[in-house]
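The values are calculated or read from the model by the stated rules, or taken from the named source; none is laboratory data. Computed from a predicted structure; not experimentally measured. Backbone-built Cβ (ideal geometry, glycine too); neighbour counts: all protein chains shown. For the accessible areas, the whole protein counts, side chains as well, though only heavy atoms, and no ligand, DNA or RNA atoms are used. Shrake-Rupley method; radii C 1.70, N 1.55, O 1.52, S 1.80 Å.
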There are 2 protein chains.
Amino acid sequence: MADPSTSPSLTRPSVLEARELIKGFVHHTPTLTNATLDSLASTPLGNRDGDEKVEGRKSASPKIRLYFKCENLQRIGAFKIRGAFHALERLKREPGWEEGGGRERGVVTHSSGNHAQALALAARTNSIPAHIVMPSISAKPKIAATKGYGANVVFSGSTSVEREAVVMKVIEKTGARLVPPYDHPDIVLGQGTLGLELQEDARDIIAAAAGADSKNHEAIPAERGFRAPITTPNLPEKKRTSPGLDAILAPCGGGGMLSGVALSCEGTGIRVFGCEPWFEGADDAKRGYESGQRVEAVSTLTVADGLRTPVGKVPWGIIYERRLVAGFYSVSEEEIIAALRLIYERFKMVVEPSAAVPLAVALFNEDFRSLVEREGGEDGWDVGIVLSGGNVSLEALGTLFAPKEG
Amino acid sequence: MADPSTSPSLTRPSVLEARELIKGFVHHTPTLTNATLDSLASTPLGNRDGDEKVEGRKSASPKIRLYFKCENLQRIGAFKIRGAFHALERLKREPGWEEGGGRERGVVTHSSGNHAQALALAARTNSIPAHIVMPSISAKPKIAATKGYGANVVFSGSTSVEREAVVMKVIEKTGARLVPPYDHPDIVLGQGTLGLELQEDARDIIAAAAGADSKNHEAIPAERGFRAPITTPNLPEKKRTSPGLDAILAPCGGGGMLSGVALSCEGTGIRVFGCEPWFEGADDAKRGYESGQRVEAVSTLTVADGLRTPVGKVPWGIIYERRLVAGFYSVSEEEIIAALRLIYERFKMVVEPSAAVPLAVALFNEDFRSLVEREGGEDGWDVGIVLSGGNVSLEALGTLFAPKEG
């Protein structure tokens with residue numbers, strides 16, 4: 001990892017620069033819309049098919065149009081590839097790194113998840129050796145995938161102390177540079193590039209739909225992504241001069257992506273919210289944000305396994321100290337699974353459980369929905385949703401959704 | 001259904017006309033690419049990870065670039081909506097239909113699959129009553145979905161004789177017009193519109209990738225869909241003046257979509273192939289095509305449940321009599337499931353088993369692969385793949401992919 005002191009400032013222009021550096025290596029993933037999910041999000045809780053009636057309480061009645069950034073279609077199946085490529089581009093530019101034999105010494109990280117594969121692929125593309133420390137109990141397909149990208153997989157015990165000890169040994173032996181999964185400016189700036197694409201794509205889709213409306217009162221699907229306003233029930237198009245997103249909902253684990261997206265929105269007026277599970281205290285960022293004190297350790301087995309990590313220090317500075325994230329919302333395990341089911345059944349996308357958390361907030365979190373009702377009024381809100389990744393085994397899905405016995 | 005004698009001629013210009021008629025009602029779905037699947041398709045059988053070695057036989061070694069037409073992202077989750085909307089637009093234009101009270105009398109069909117939901121939605125959009133005859137043993141979610149689109153669901157026994165008897169009763173009672181699922185010119189022309197979009201999108205993606213290559217030798221993802229040539233191993237871009245598809249692989253059940261796609265390619269030089277399962281004789285179109293005699297009855301329980309139907313008469317005229325389909329390929333159940341798994345795990349798309357059949361042909365059928373090797377040579381082929389639909393229950397998926405016991 002490049003010495004953080006050589007990293008660019010944590011600003012929107014730096015995210016734009018990061019985009020230039022990685023654009024030959026990552027996909028501009030599609031931003032898609034879905035009329036059924038818009039309609040559900042715009043129907044009060046308790047009025048939807050299959051809902052239990054909520055007695056004695058009036059549910060919020062927001063108008064919500066959703067724009068899904070499909071990072072499940074990204075290379076290696078997750079946004080993590082953006083940060084990994086950006087980290088290596090910055091490393092290559094660090095004064096003295098190349099001359100000092102940095103390329104031969106390679107890079108190292110510990111991860112059993114998407115960051116492992118991301119760094120492995122980015123390193124291979126750059127002909128740099130990558131050492132990935134993984135717990136020996138990691139799922140076999142993940143080990144195989146990481147090896148498949150040409151990385152040297154080194155096994156460790158499963159506690160963070162054991163993993164870090166093995167990383168230190170690798171560094172001593174090889175001189176490899178550590179590339180952490182989220183707690184570094186270069187990673188944050190790389191992940192933030194998805195926020196730029198989402199903003200631009202949503203603007204294009206909104207403009208195309210508005211143009212179609214004014215032309216013939218029939219909706220013509222937009223060129224990039226699509227909307228089907230014909231059957232979107234009772235969702236008035238927003239009248240304004242500069243159409244674009246009102247908000248983005250992004251999942252928050254270590255906070256690298258959330259804080260990068262927040263940087264990408266700085267000065268645009270788009271509000272960025274973090275989304276977490278609350279099961280077993282997985283809502284560490286929310287609790288920290290509300291108490292003013294970063295929560296440094298979390299132990300949770302939430303189904304959203306990508307979000308079991310506490311927020312890192314660098315992301316925290318952006319999220320909380322600079323207040324570039326407008327707030328946090330959390331959801332239950334049942335709400336995450338319900339959103340996951342809708343993404344599969346109605347949106348036809350394969351995503352991992354973590355990626356369903358923002359949609360769960362839009363559909364089920366009454367605090368968020370009240371905010372949209374209050375502030376969006378009759379026009380409603382255009383809300384970007386980050387579908388962060390799609391790496392889930394079919395066996396795990398099978399277990400999650402197998403028919404109930406009896 | 002409009003009287004077939006009032007239907008337009010079965011030609012490419014009629015498909016273009018159909019597109020104009022339905023364009024406010026259906027999505028222009030995305031066409032996407034995937035480097036991993038390109039690479040697998042361009043690796044000989046026996047040389048892939050996990051392949052069994054094929055002894056004593058040299059596997060074909062084609063170069064294949066795939067362009068996936070994502071009709072799983074279409075409204076109601078399948079291409080069938082195109083034919084249904086087109087059929088209704090034609091019906092509305094039939095002389096005397098409106099004046100004779102046709103609108104009030106409505107439409108009727110028998111289907112327990114995607115056509116049921118397609119006709120229900122198209123009819124509701126047009127404020128025309130729809131009667132859908134479904135076997136009383138149909139899956140509850142399918143019945144609920146069809147009712148959810150506002151259709152009048154009428155139950156019948158499950159044999160085709162029983163179903164048709166109930167349809168006749170509905171017609172006698174209501175005067176509703178029959179809209180069959182595939183065996184009608186208006187349906188064929190409607191489904192063919194996806195072929196036009198696929199041709200155009202593929203051309204754009206190929207041109208964008210070629211432009212990026214010539215500019216800086218780095219691949220910039222195309223604006224619509226994406227390619228990642230940087231890591232596509234050893235796939236030389238084709239050199240030619242007019243880039244576009246060489247072939248389209250489409251699944252074949254009743255043949256409405258396959259024959260429509262064939263019409264959309266007439267005169268373009270793009271070869272269209274039908275893809276079928278062979279389990280229990282599901283390859284009826286292939287057998288018919290080779291013997292010169294349409295097979296009129298099939299009884300199969302192939303996992304590709306959308307393809308259990310024999311080819312209809314109208315499609316047959318296009319497919320066989322006019323030879324607008326260049327040939328058929330069939331695959332095993334195991335090959336279909338392997339392709340389905342790859343679409344989920346590597347392409348992150350939810351599709352129904354029928355939609356995986358064309359990819360199974362591209363990956364596993366040695367006859368097809370030898371053809372591409374022979375005719376595509378070093379340049380290889382650009383092959384369109386129709387992902388026909390994504391309507392599969394998570395419970396069914398869970399059963400298909402649940403971890404094996406023991």
Checklist entry - Restricting the count to DSSP beta bridges whose residues both fall in the protein assembly as shown, what percent are antiparallel, rounded to a multiple of 5? => result 10
Item to check | Whole-percent pair-distance distribution, where bins are 10 Å wide, for the alpha carbons of chain B | outcome: 5, 23, 33, 24, 11, 4, 0, 0
Checklist entry - How large is ³J(HN,Hα) for each residue in the range A:35-45, as worked out from phi by the Karplus curve 6.51 cos²θ - 1.76 cosθ + 1.60 (θ = phi - 60°), to whole Hz, x for Gly and Pro? => result 5, 5, 6, 4, 5, 4, 5, 9, 10, x, 3
Checklist outcome for this item: Summed over the other residues with a beta carbon less than 11 angstrom from that of B:HIS131, with K and R at +1 and D and E at -1, the charge totals +4
Checklist entry - Which distances in nm, rounded to one decimal and ordered from shortest, link the label point of B:ASP367 to the equivalent label points in the other identical copies, with labels set 7 Å from Cα toward Cβ? => result 6.2
Checklist entry - By how many degrees, 0 to 90 and rounded to 10, does the Cα axis of helix B:333-345 deviate from the longest principal axis of chain B? => result 80
Checklist entry - Given H placed 1.01 Å from N in the peptide plane, which residues other than close sequence neighbours of B:SER156 have an amide H under 5 Å from its amide H? => result B:MET134, B:SER136
Checklist entry - Can you give the Kirkwood hydrodynamic radius of the range B:79-178 from its Cα pairs, in Å with one decimal? => result 13.4
Item to check | Backbone N under 13 Å from the B:SER370 label point (7 Å along Cα→Cβ), restricted to the range B:255-296 | outcome: none
Checklist outcome for this item: Listed by chain and number, the residues whose amide H is under 5 Å from that of A:VAL272, excluding neighbours fewer than 5 places away on the same chain and using placed H, are A:ILE248, A:ALA326
Next on the checklist: What does the buried accessible surface come to for B and A, summed over both chains, with the probe at 1.4 Å? Round to 100 Å².
Outcome noted: 3700
Next on the checklist: Charges on Cβ only, +1 for Lys and Arg, -1 for Asp and Glu, centred on the Cα centroid of the protein assembly as shown; of B:THR193, B:LEU178, B:HIS131, which one is farthest towards the dipole's positive end?
Outcome noted: B:THR193
Item to check | Label point 7 Å beyond Cα along the C-beta direction, distances from A:GLU334 to other copies (nm, shortest first) | outcome: 4.4
Item to check | Paramagnetic reach from A:GLU104 (point 7 Å along Cα→Cβ, amide N under 20 Å) across the range A:120-147 | outcome: A:123-131
Checklist outcome for this item: Any residue on another chain or 5+ positions along whose placed amide H is under 5 Å from the amide H of A:GLU352 is listed here as A:GLY389, A:GLY390, A:ASN391
Checklist entry - Excluding ligands, DNA and RNA, what is the solvent-accessible area per residue of the protein assembly as shown at a probe of 1.4 Å, expressed in Å²? => result 38
Checklist entry - Over all Cα pairs of the range B:275-406, how is the pair count split among 10 Å bins, expressed in % and running from 0 up to the last occupied bin? => result 12, 38, 35, 13, 2, 0
Checklist outcome for this item: The relative contact order of the range A:79-178, taking Cα pairs under 8 Å that sit 6 or more residues apart, comes to a percentage of 30
Checklist entry - How many angstrom lie between the C-alpha centres of the range A:139-180 and the range A:294-364? => result 26
Next on the checklist: Can you divide the C-alpha Rg of the range A:276-343 by 2.2 N^0.38 Å and report the result to two decimal places?
Outcome noted: 1.13
Checklist outcome for this item: The local net charge around B:GLU71, scoring Lys/Arg +1 and Asp/Glu -1 for residues other than B:GLU71 whose Cβ lies under 13 Å from its Cβ, equals +2
Checklist entry - Looking at the range A:357-406, which residues lose a minimum of 30 Å² of accessible area between their chain alone and all protein chains in place, measuring with a 1.4 Å probe and not counting ligands or nucleic acids? => result A:LEU394, A:GLU395, A:GLY398, A:PHE401, A:PRO403
Next on the checklist: With only alpha-carbon atoms in the gyration tensor, what are the semi-axes of the equivalent ellipsoid for the protein assembly as shown, in Å, largest first?
Outcome noted: 44, 32, 24
Checklist entry - If you put a point 7 Å past Cα along the Cβ direction, how far is that point for A:SER136 from the same point in each other copy, in nm, smallest first? => result 6.2
Checklist outcome for this item: Residue-ordered couplings for the range A:142-157, obtained by feeding phi - 60° into the Karplus form 6.51 cos²θ - 1.76 cosθ + 1.60 and rounding to whole Hz (Gly and Pro as x), are 5, 4, 4, 5, 5, 4, x, 8, x, 7, 8, 8, 10, 8, 9, x
Checklist outcome for this item: Ordered by number, the residues of the range B:20-34 that have at least 40 Å² less accessible area in the complete protein assembly than on their own chain alone (1.4 Å probe) are B:LYS23, B:GLY24, B:HIS27, B:HIS28
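How much of the accessible area of the protein assembly as shown, probe 1.4 Å, is carbon plus sulfur, in whole percent? Before the final figure, lay out the partial values.
Numbers: 15700 of 31000 Å².
The computed percentage sits at 51.
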Next on the checklist: Suppose each label sits 7 Å from its Cα in the direction of the beta carbon; what would the A:THR11-A:THR399 distance come out to in nanometres?
Outcome noted: 4.8
